[in-house]
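Working notes, beginning with the structure itself.
The values are calculated or read from the model by the stated rules, or taken from the named source; none is laboratory data. What you see is a predicted model, and the numbers here were worked out from it, not measured in a lab. Positions of Cβ are generated from backbone atoms using ideal geometry, with glycine treated the same way; all protein chains shown enter the neighbour counts.
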Amino acid sequence: MTMPSTTDYPDRLPDFCNLGIMMRILLGVEALVWITAWLQTPHLSEMIRLFVGYSLVVQPALLFTLAILCLTGKPLRRQPYPQGVAISVFIALFTTALIMNGLSNLLLDSHIAMTWRDACNVIGISAIILKYFNLRGRALSPALTEARLQALQARIRPHFLFNSLNAVLSLMRSEPRRAERALEDLADLFRVVMADNRQLSTLKREVEISRQYLELEGLRLGDRLRVVWHIDKAPSNALLPPLVLQPLLENAVYHGIEPALEPGEISVNIYRNANQMHIIIRNPYKKTGDHHSGNKMALGNIKSRLMLHYDVEASLQTQVQQDYYQIHITLPYQIS
């Protein structure tokens with residue numbers, strides 16, 4: 001089995017509509033403006049005056065540039081990466097020149113109009129910002145490959161594979177049709193895990209995969225496993241990272257249902273609220289034993305993927321009560 005590599009990460013432009021990316025760009029550029037002012041004078045008062053003066057020009061140009069990049073984000077991200085970079089830099093250069101020349105005419109100050117030096121600065125800063133987000137994506141990309149490897153390893157855990165096959169064999173004579181469906185579900189799960197899971201998937205597909213997994217677990221757990229779905233208000237075409245829902249349900253089965261002798265219920269609540277998607281999974285919980293020790297690794301992996309795809313616009317929260325364990329994921333509502 002090959003190990004994760006940063007070369008697995010496809011070069012792509014950042015999502016300029018993402019709040020976290022916007023904040024990083026705004027703060028990064030302001031930091032460069034402050035450094036510029038700091039290098040020009042040793043006096044704090046003069047430094048602050050230069051910083052404010054530069055910011056009054058830089059910030060409107062930067063906000064205008066981000067607004068256009070956000071509006072044109074989807075077509076840009078569909079372009080080959082070099083072309084997308086070139087177009088993004090051109091947009092930054094054009095909007096900055098437009099703002100600076102407009103301010104020059106409005107304030108009758110020719111010193112504000114863009115010069116060749118200013119143009120070179122815009123091109124250089126734009127290239128640095130895009131390179132930063134590319135390197136940041138590569139730094140986080142092992143989480144995608146690792147998630148794929150961990151998901152594969154989790155699906156082929158000896159007890160899971162052994163119990164699933166035994167459950168199928170027990171049905172071969174008495175319920176051959178059901179045994180055939182179980183084998184198809186098992187094959188589908190392995191195909192999904194072996195596929196390239198770097199792109200976003202639809203909620204409909206993720207629910208289908210999760211139902212197949214739960215049906216397999218139901219063969220061996222029988223009436224002990226009860227699943228209640230609340231997904232009537234969930235848009236089936238909503239996009240989310242692949243293999244997020246199913247591992248959470250696997251955790252719920254492994255940590256909430258298997259340790260208990262009595263039947264347990266897993267509830268899945270997925271809905272859209274304004275521009276956000278909410279995924280809430282709740283399973284039984286008992287403080288005794290160490291069956292919950294494996295939760296943190298899976299949750300940490302999912303948090304890494306949410307950060308890669310959505311930055312600060314997504315969150316994962318856990319809640320432990322006396323008799324239940326709950327996971328609540330919030331992420332932006334997107335469709336293909």
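Sort through Ala31, Ala37 and tell me the only one that's within 37 Å of the chain's Cα centre (by Cα), of a type in the set (Gly, Ala, Ser) and crowded, with 17+ Cβ neighbours inside 10 Å.
Ala37
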(Q) When you scan region 206-223, do you find a residue that is touching a Leu at 6+ places or on another chain (Cβ under 9 Å), of a type in the set (Asp, Glu), in contact (Cβ under 8 Å) with a residue 40 or more places away in the chain and farther than 30 Å from Glu184 by Cβ, even just one? (A) no
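Which ranges mark the helices (runs of 4 or more DSSP H) fully within region 10-116 that have 1 or more residues being among the small types (Gly, Ala, Ser) and at pLDDT 90 or above? Talk me through it step by step, then tell me what you get.
Values: elements: 19-40, 44-71, 73-78, 81-107.
The qualifying helices (runs of 4 or more DSSP H) are 19-40, 44-71, 81-107.
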Q: Scan region 102-118 for residues that are loosely packed, with under 14 Cβ neighbours inside 10 Å and either of a type outside the set (A, V, I, L, M) or touching a helix residue (DSSP H, G or I) at 6+ places or on another chain (Cβ under 6 Å) (or both) and jot them down.
A: Asn105, Asp109, Ser110, His111, Thr115, Trp116, Arg117
**Q.** Conditions (1) modelled with pLDDT of 90 or more; (2) not assigned by TED's automatic domain parsing to the domain that holds Ala113: number failed by Met1
**A.** (1)
Q: Would you please list the contacts, defined by Cβ atoms under 9 Å and residues six or more apart or on different chains, that run from a residue in region 37-61 that is more than 21 Å from Met114 (Cα to Cα) and without any contact (Cβ under 8 Å) to a residue 24 or more places away in the chain to a residue that is among the aromatic types (Phe, Trp, Tyr) and surrounded by 11 or more Cβ atoms within 10 Å (Cβ to Cβ)?
A: Trp38/Phe51; Met47/Trp34; Met47/Trp38
Q. Which residues, counting only those in region 185-214, are at pLDDT 80 or above and more than 23 Å from Leu308 (Cβ to Cβ)?
A. Glu208, Arg211, Gln212, Tyr213, Leu214
Q | Those residues of region 290-318 which are exposed (fewer than 12 other Cβ atoms within 10 Å of the Cβ) and modelled with pLDDT of 90 or more, in sequence order | A | Gln317, Thr318
